[in-house]
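This report refers to the structure that appears directly beneath it.
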Amino acid sequence: MVQTLFGPQKEQKERTGLFDRLKKAVASTKAQLVERIDEIVEGRTEIDQSVLDELEATLITADLGVKTTQAILAGLRERINRRQLREPKQLREAIEQEILVILESPGRASGQTRAPGPGAVPAAKKPGLPEVIFVVGVNGVGKTTTIAKLANFYLRQNRKPLLCAADTFRAAANEQLEIWAGRLGIEIVKQRPGADPSAVIFDALASAKRREDDPVIVDTAGRLHTKDNLMAELEKMCRIAGREVPGAPHQVLLVIDGTTGQNGLQQARQFTEHAGTTGIILTKLDGTAKGGVVVSIVRELGLPIQFVGVGEKVEDLIPFNPREFVESLFEA
């Protein structure tokens, strides 16, 4: 849990500000999902098949995905059969409750269990050693900028992040990360382009232990999830990190562009298999009407959303709170 040093009044003000920013970010998704639900039920006197068919189309259009949509509709039908849902106007709140259950119970809402992989459950770091966070994802999702935002988040928690430039394949990657490190006033460990990424991780962890930096945020190459050799390299990087710092990587955060919708699911499956993804950072939530992908990722993969990007500024990365996300969508 994120701690604050500024007292309850400052904390409450900050929470309110984050909630307001979240509401603005999901405005397009709200229009696509919740306002459409309101249009469907308005003037209806009974919950018939046509109502359910229109709801199904709306949920899929908002990018909840076919499987997740079917699960939500199954929950609604069960309530209808039990006479817990009698009027169309009750459907909005019922869908809100179904979505909240999914988001608050990653992997359990659908009865699924996920085979554990390396780092599949976030590991607790040992005292005196750095937390190691791998940031993974395909090219073009905003990974480098997200790493800077993540570092800024930990700076605001009075921690001392260190950046590890392990993306040695893209020529400009080190330069971009170095610029961000300079802006934030934090250290970065890098090597020449083309160097072994595992060697960069080794150096970074040695430096972090010596300087007592924490956490170490590792930038990895923007791997296409279809490239088996690059995935094997990522597995090697995980092994090296675990050898140098027990339990590392403690988190493997997959950056997904919120505008890609259901395509992000396939990315997440591959990264989870090879790198033990522990959570998702969803970027560009403010730029899509398909924010429903949040729900399908959590339900179908059992992966929690850890952070969402709600803008371009370095402070525009906020911790994901399932209840606040649902409230921001369904609030009247």
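Of note:
- Of 30/290; 125/236; 209/236; 30/313; 126/160; 143/284, those spanning more than 18 Å from alpha-carbon to alpha-carbon: 125/236; 209/236; 30/313
- Sum of side-chain charges, residue 161 neighbourhood, beta-carbon under 10 Å (Lys, Arg +1; Asp, Glu -1): -2
- Computed from backbone phi, the HN-Hα couplings of region 56-71 come to 4, 4, 5, 5, 5, 4, 7, 6, 6, x, 5, 5, 5, 4, 4, 5 Hz, rounded to whole numbers (Karplus: 6.51 cos²θ - 1.76 cosθ + 1.60, θ = phi - 60°; Gly and Pro given as x).
- Of the residues 133, 206, 184, the one whose Cα sits farthest toward the positive end of the charge dipole of region 132-330, with +1 on the Cβ of Lys and Arg and -1 on the Cβ of Asp and Glu, is 206.
- With the helix formula -39500 (n - 2.57) applied to DSSP H stretches of n ≥ 4, the chain reaches a computed 222 nm mean residue ellipticity of -15500 deg cm²/dmol.
- 5 angstrom amide H check on residue 136, placed H, neighbours 5+ away: 253, 254, 255
- Taking the chain and dividing mean pair separation by its residue count, relative contact order in percent (alpha carbons under 8 Å, at least six apart): 27
- Anisotropy class of the chain from Cα gyration tensor, a/c 1.5 cut: prolate
- Each residue of region 311-322 was assigned a 3J(HN,Hα) from its phi angle through the Karplus expression (A = 6.51, B = -1.76, C = 1.60, θ = phi - 60°), giving x, 8, 6, 5, 8, 8, 10, 10, x, 7, 10, x Hz with x at Gly and Pro.
- Mean separation of Cα contacts under 8 Å, 6 or more apart, over the residue count of region 132-330: relative contact order %: 24
- In order along region 44-52, the Karplus-derived 3J(HN,Hα) couplings, from 6.51 cos²θ - 1.76 cosθ + 1.60 at θ = phi - 60°, round to 7, 10, 8, 8, 10, 5, 5, 4, 5 Hz, and Gly and Pro are given as x.
- Under a 5 Å amide H cut-off, with hydrogens placed 1.01 Å from N, residue 277 pairs with 272 among residues at least 5 apart or on other chains.
Any read-out appearing in this document is the output of simple, stated calculations on the displayed coordinates, not a laboratory observation. Here the structure is a predicted model, which is why all the values come from computation and not from measurement. All Cβ positions, glycine included, derive from the backbone under ideal geometry; neighbour counts span all protein chains shown.
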